[in-house]
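Engineer: I have a structure I would like to understand better, so I am pasting it below and will then ask my questions one at a time.
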Amino acid sequence: MKTDLLNWKHVFKLDPDRYLDDDDLEQICRSGTDAIIVGGSSGITYDNTADLLSRIRRFEVACTLEISDRDAIVPGFDLYFIPVVLNTEDGAWITGQHHKAIRENSSILDFDLVVPEGYVILNKQSTAALVTGAHIPETQEDLTAYALMADRLFHMPVFYIEYSGIFGDMTWVRAARATLRGARLFYGGGIRTPEQAVCALDAADTIVVGNIIYENISLALATVPGRLKHKSEENNHESSHSYL
Ligand code: 1GP
């Protein structure tokens with residue numbers, strides 16, 4: 001199962017603390033996306049996480065928990081992503097919370113399902129940046145150095161560039177991906193249109209779509225690669241969207 005993520009191109013991230021009605025949830029789960037990540041930066045509880053998992057489990061899509069609160073580690077997910085924030089000096093988000101979580105949950109955590117993420121936050125206004133005290137990379141070289149840390153120093157399977165809420169600089173993302181040998185580059189942040197999805201997927205290995213789900217479900221669904229292809233073919237038979 002763990003190696004399946006190597007093939008993911010598109011995932012939706014659902015926040016247990018935000019409301020999504022059954023129809024919208026069904027459309028997301030049946031959209032053709034490769035997986036659902038359950039996660040958020042605030043208001044995450046065991047109950048709202050378990051509730052969302054049980055609703056997603058009515059469908060066949062793979063479902064991963066991105067752990068942000070050690071009191072909300074719910075059994076039954078396919079994988080457990082554990083973010084290690086590389087651009088903070090606050091040890092709580094590098095090893096502190098992780099140590100407590102593992103100490104408290106070692107009997108129930110299946111380490112074959114655990115996926116460490118080397119996580120770099122680039123939107124200084126985001127809740128994740130404020131909570132973790134992230135130092136935002138100032139140059140492309142700052143970012144690629146974090147990519148090298150995740151890939152060569154810590155041998156993490158995922159390097160996650162988190163622009164949460166804003167669409168990032170794809171030149172930086174592309175440069176970071178070019179440095180990776182083993183890690184897969186996840187990009188998330190501000191993907192609100194099919195065109196942005198195409199652009200981000202050209203720069204990253206896997207794109208993560210979050211906020212737009214709660215703002216405009218049709219636009220969110222239109223970011224799924226299979227649908228993108230269909231849409232672009234309808235609109236332009238000579239479409240240059242060739243990544244599919
Ligand atoms: C957030 O990376 C994800 O953790 C997706 O970002 O919500 O801006 O789409 P958006």
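The values are calculated or read from the model by the stated rules, or taken from the named source; none is laboratory data. Since we're looking at a predicted model, the values are computed, not measured. Because the Cβ atoms are built from the backbone with ideal geometry, glycine has one as well, and the counts that use them run over all protein chains shown. For the accessible areas, the whole protein counts, side chains as well, though only heavy atoms, and no ligand, DNA or RNA atoms are used. Shrake-Rupley method; radii C 1.70, N 1.55, O 1.52, S 1.80 Å.
Engineer: What number of residues within region 45-61 satisfy the criterion of being farther than 22 Å from Leu219 by Cβ and open to solvent by less than 20 Å² (accessible area, probe 1.4 Å)?
Structural biologist: 2
Engineer: Select from region 201-218 the residues that are surrounded by fewer than 22 Cβ atoms within 10 Å (Cβ to Cβ) and either farther than 13 Å from Arg177 by Cβ or within 12 Å of the ligand (Cβ to nearest atom) (or both) and list them in ascending order.
Structural biologist: The answer is Asn211, Ile212, Tyr214, Glu215, Asn216, Ile217, Ser218.
Engineer: Quick check on region 151-166: of everything there that is more than 9 Å from the ligand (Cβ to nearest atom) and either open to solvent by less than 40 Å² (accessible area, probe 1.4 Å) or under 15 Å from the mean Cα position of the chain (by Cα) (or both), which residue is nearest to Ala134 (Cα to Cα)?
Structural biologist: First, the residues of region 151-166 that are more than 9 Å from the ligand (Cβ to nearest atom): 151-159.
From the residues that got through so far, the ones that are either open to solvent by less than 40 Å² (accessible area, probe 1.4 Å) or under 15 Å from the mean Cα position of the chain (by Cα) (or both) too are 151, 156-159.
Details: Asp151: 20, Met156: 20, Pro157: 21, Val158: 19, Phe159: 16 Å.
So the residue we want is Phe159.
Engineer: Next question, about the same structure. Taking the condition of being of a type in the set (Val, Ile, Thr) and open to solvent by 20 Å² or more (accessible area, probe 1.4 Å), how many residues in region 110-149 meet it? Walk me through it before giving the result.
Structural biologist: Our first condition is that a residue be of a type in the set (Val, Ile, Thr); within region 110-149, this holds for 114-115, 120-121, 127, 131-132, 136, 139, 144.
After this cut, where a residue has to be open to solvent by 20 Å² or more (accessible area, probe 1.4 Å) as well, the list is 127, 131, 136, 139, 144.
So the count comes out to 5.
Engineer: Please count how many residues of region 74-109 are open to solvent by less than 70 Å² (accessible area, probe 1.4 Å), without any contact (Cβ under 8 Å) to a residue 40 or more places away in the chain and outside any helix (DSSP H, G or I).
Structural biologist: 8
Engineer: Find all pairs meeting these conditions: Cβ atoms under 6 angstrom apart; at least six residues apart or on different chains; first residue within region 180-200 and open to solvent by 40 Å² or more (accessible area, probe 1.4 Å); second residue part of a loop (DSSP other than H, G, I, E, B) and within 15 Å of the ligand (Cβ to nearest atom).
Structural biologist: Gln196/Phe167
Engineer: Of the residues in region 6-30, how many are within 15 Å of the ligand (Cβ to nearest atom) and either open to solvent by less than 60 Å² (accessible area, probe 1.4 Å) or assigned to a helix (DSSP H, G or I) (or both)?
Structural biologist: Result for region 6-30: 10.
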